[in-house]
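Taking it in order: structure first as structure tokens, then the write-up.
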Amino acid sequence: MKLRSASLAASVAFATAITLFSSSSAYAGTDARDCNGKINTYGACAGEGAFVSDGDVYVIYDWIADGHGVEMRIWDDNSIRTKYCNVGKGSSCTYNYNLPEGSKVEIQVCLTEKNRTISGTCGLGARGKA
């Protein structure tokens with residue numbers, strides 16, 4: 001009887017392990033952040049951008065009262081977008097796109113003057129995954 005119980009317990013444990021390892025697990029995305037960097041006299045992170053994988057949200061921040069807007073260039077599996085935030089110091093602009101799970105995302109942040117990129121103000125860029 002002990003052998004039969006041990007065999008049954010081993011079978012149940014094996015079946016449980018197979019079920020756990022064969023079922024698909026939730027996919028975890030990767031967030032990304034970029035700022036204009038120490039590229040010019042405007043200072044580090046006068047403008048900043050973020051991709052938040054939970055919800056596929058893009059946020060643009062304007063941190064300094066320098067009279068310039070902030071531009072975020074967005075590349076994902078399906079498109080290229082450019083979004084602007086010209087609301088002023090301490091403000092942010094939020095954009096949401098529904099991306100397929102696992103989509104690669106890249107962002108780059110620049111400063112703008114009347115929605116035109118100011119030469120030499122773009123950050124290095126950052127990559128994430130939806």
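The values are calculated or read from the model by the stated rules, or taken from the named source; none is laboratory data. Note that this is a predicted model, so its numbers are computed, not measured. Don't worry about glycine lacking a Cβ; one is built from the backbone with ideal geometry, like all the others, and counts go over all protein chains shown. These area figures cover heavy atoms from the full protein model, side chains too; ligands, DNA and RNA do not enter into them. Shrake-Rupley method; radii C 1.70, N 1.55, O 1.52, S 1.80 Å.
For region 89-115, the tally of residues that are outside any strand (DSSP E or B), surrounded by 12 or more Cβ atoms within 10 Å (Cβ to Cβ) and small (Gly, Ala, Ser) stands at 1. All told, ARG81 falls short of being in contact (Cβ under 8 Å) with a residue 24 or more places away in the chain and under 17 Å from the mean Cα position of the chain (by Cα). Of the residues making up region 56-78, those that are exposed (fewer than 13 other Cβ atoms within 10 Å of the Cβ) and either of a type in the set (A, V, I, L, M) or within 12 Å of the chain's Cα centre (by Cα) (or both) number 1. Among the residues of region 46-66, those identified as assigned to a strand (DSSP E or B), among the small types (Gly, Ala, Ser) and under 13 Å from GLY128 (Cα atoms) are GLY49, ALA50. For LYS129, the stated conditions hold: it is open to solvent by 30 Å² or more (accessible area, probe 1.4 Å) and touching a Ser or Thr at 6+ places or on another chain (Cβ under 9 Å).
Restricting region 116-126 to residues that are assigned to a strand (DSSP E or B) and open to solvent by less than 70 Å² (accessible area, probe 1.4 Å), the residue that is modelled with the lowest pLDDT is THR117. The number of residues in region 108-117 that are aliphatic (A, V, I, L, M) and in contact with a Ser or Thr (Cβ under 6 Å, 6 or more places away or on another chain) comes to 1.
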